[in-house]
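What follows is calculated from the coordinates using simple rules that are stated; it is not laboratory data. Here the structure is a predicted model, which is why all the values come from computation and not from measurement. Positions of Cβ are generated from backbone atoms using ideal geometry, with glycine treated the same way; all protein chains shown enter the neighbour counts.
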């Protein structure tokens, strides 16, 4: 289903544009680099972007947009072995713990942050997520439109005509 971007609105600081809450997987920097490029274009078009992320993404986003544009929230991460390889078992267990124990509380907290119910006063018009699971639940509970911007979504939406091998 296609999400509809709301019409331009007046924001708290009298800027025109759509208020976009943008969640990014905090593991590695690939998602963050894509988000920086996307956010710059959105801001050039007059929209307002607030980032929700953690760990590896924080430094780059703060450097580009300042601390006031960032909300730190937990995102799933990988567990590495001593040799630097990914531990599939411990990464799975850590992600399971996040999804079933941490995320339900985080969803309630993030809902307040994107609906203007917290001290920041940011009220999102649309949610954009890049491989981060919390915003899917936030969208379901708030009714806000959700745009999923990641390579996994491509597999669901692309018409490959059985050519995937």
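Per-structure values
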{"read-out": "Stretch gain in nm, segment residue 60-residue 97, where the contour uses 0.36 nm per residue and the Cα spacing is subtracted", "value": "10.6 nm"}
{"read-out": "Label-to-label distance, nm, for residues given as residue 40 and residue 115 (7 Å Cα→Cβ offset)", "value": "3.6 nm"}
{"read-out": "Descending semi-axes in whole angstrom, ellipsoid equivalent of region 76-136, from the Cα gyration tensor", "value": "30, 12, 9"}
{"read-out": "Euclidean distance between Cα centres, region 27-55 to region 98-146, Å", "value": "16 Å"}
{"read-out": "Förster radius 41 Å - calculated FRET efficiency between residue 140 and residue 67 (Cβ-Cβ, nearest 0.05)", "value": "0.90"}
{"read-out": "Sites residue 80 and residue 108 - FRET efficiency at Förster radius 35 Å, r taken between beta-carbons, to 0.05", "value": "0.70"}
{"read-out": "For region 17-154, fraction of C-alpha pairs farther apart than 24 Å, in %", "value": "28 percent"}
